[in-house]
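Q: Sharing a structure below in structure tokens format, with a few things to ask.
The values are calculated or read from the model by the stated rules, or taken from the named source; none is laboratory data. What you see is a predicted model; the values in this text were computed from it and never measured. Heads up, the Cβs are rebuilt from the backbone with ideal geometry, glycines too, and the neighbour counts pull from every protein chain shown. Ligands, DNA and RNA are stripped out before the accessible areas are found, and what is left, the full protein with its side chains, is counted by its heavy atoms. Shrake-Rupley method; radii C 1.70, N 1.55, O 1.52, S 1.80 Å.
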Amino acid sequence: MGVAETVPYLGPAFGILALGSVALTRGVWTALAVVGILLGVRAINDVIVAPLVLRNLLRLHPVVILGAILMGADLFGPAGVFLAAPLTTTIAMMLQASEAPVACLPPEPVKLSKGGSP
């Protein structure tokens with residue numbers, strides 16, 4: 001199933017179908033249980049884990065990353081899907097370095113002096 005993950009959208013579906021077919025040799029209920037567990041794990045990964053990891057690694061809001069991936073897919077196809085997050089991060093970091101206000105980046109923490117005021 002790991003190799004199937006490299007193909008967006010269809011890869012995981014093919015992986016789940018392949019594992020479900022193998023589990024079908026043990027019985028219908030076993031196959032249904034395997035497919036149900038795999039769908040549950042995929043849902044948790046796609047909805048909770050992946051956005052949190054991307055937000056922490058890229059320091060961008062998950063909605064910004066999702067929008068970039070959708071625009072990349074629309075404009076450049078599969079290559080746009082793979083390059084959207086790195087290019088968006090690069091652009092956001094360049095904007096941050098230029099000290100232009102960027103709405104998608106978290107604010108820098110305020111450093112307090114010894115007296116307690118900024």
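Q: Say whether the condition of being among the hydrophobic types (A, V, I, L, M, F, W, C), within 30 Å of Gln96 (Cβ to Cβ) and out of contact with any Cys (no Cβ under 8 Å at 6 or more places or on another chain) is met by at least one residue in the range 40-48.
A: yes
Q: Where residues in the range 35-61 are among the charged types (D, E, K, R) and under 9 Å from the mean Cα position of the chain (by Cα), which of them is most open to solvent (accessible area, probe 1.4 Å)?
A: Out of the qualifying residues, it is Arg55.
Q: Is the range 62-76 home to any residue that is open to solvent by less than 70 Å² (accessible area, probe 1.4 Å), at pLDDT below 80 and within 20 Å of the chain's Cα centre (by Cα)?
A: Restricting attention to the range 62-76, the residues satisfying the condition of being open to solvent by less than 70 Å² (accessible area, probe 1.4 Å) are 62, 64-65, 67-69, 72-73.
Filter once more, so that each one left must be at pLDDT below 80: 62.
Among the residues that remain, those that are also within 20 Å of the chain's Cα centre (by Cα) are: 62.
Scanning the range 62-76, I find at least one residue that is open to solvent by less than 70 Å² (accessible area, probe 1.4 Å), at pLDDT below 80 and within 20 Å of the chain's Cα centre (by Cα), so the answer is yes.
Q: What pairs come up if the first residue lies in the range 54-66 and is under 14 Å from Leu95 (Cβ atoms) and among the aliphatic types (A, V, I, L, M), the second is open to solvent by less than 50 Å² (accessible area, probe 1.4 Å) and outside any helix (DSSP H, G or I), and their beta carbons are under 6 Å apart, counting only those six or more places apart or on different chains?
A: So the pair list comes out as Leu60/Cys104; Val64/Cys104.
Q: So, in the range 15-32, how many residues would count as being small (Gly, Ala, Ser) and open to solvent by 50 Å² or more (accessible area, probe 1.4 Å)?
A: Of the residues in the range 15-32, 2 are small (Gly, Ala, Ser) and open to solvent by 50 Å² or more (accessible area, probe 1.4 Å).
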